[in-house]
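**Student:** This is the structure, below, for whatever I ask next.
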């Protein structure tokens with residue numbers, strides 16, 4: 001390769017215009033890359049032909065397994081959130097979403113639980129996507145930090161989930 005070509009290649013790589021996979025590798029944390037790989041695995045698994053009942057059973061088993069893999073307060077909160085969502089909104093189906101327990105309606109994720117350990121955060125998160133009907137005027141919260149769950153917190157989550165499914 002000529003010197004001028006080597007310089008162009010080096011400049012392009014140094015300037016962040018190298019291969020797309022190089023840019024992605026530099027732009028995402030290891031935790032984010034792991035979540036994307038988990039999502040790709042979930043998409044592949046969902047493409048398998050199963051009956052609706054088989055799919056629901058498989059997805060719920062995957063959520064329960066993911067929760068069981070969590071440690072300490074993350075697991076305890078995830079178990080509580082799972083129980084609250086199932087009791088409050090039985091029309092939501094548990095499934096994994098980017099490796100997180102999530103609850104969907106008509107294939108669209110309404111809410112999800114993100115453990116603190118997932119992205120090395122200091123708190124877990126209960127999040128709601130745009131499929132949730134939590135609208136309040138022109139601005140409303142869509143994610144809540146969780147460091148523990150009191151009975152009042154559980155009631156609030158129950159109320160939010162009920163509102164989210166409309």
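The values are calculated or read from the model by the stated rules, or taken from the named source; none is laboratory data. Predicted model, so just to flag it, every value in this text is computed and none were measured. All Cβ positions, even for glycine, are placed from backbone atoms using ideal geometry, and neighbour counts span all protein chains on display.
**Student:** Hey, can you tell me all the residues within the range 88-115 that are touching a residue at least 60 places away in the same chain (Cβ under 8 Å) and farther than 13 Å from residue 67 by Cα?
**Tutor:** Selection gives 88, 89, 91, 92, 98, 105.
**Student:** Quickly run through the range 38-93 and pick out the residues that are over 24 Å from residue 144 (Cα atoms) and either modelled with pLDDT of 95 or more or exposed (fewer than 12 other Cβ atoms within 10 Å of the Cβ) (or both).
**Tutor:** Residues satisfying the conditions are 40, 43, 44, 47, 48, 49, 51, 52, 53, 54, 61.
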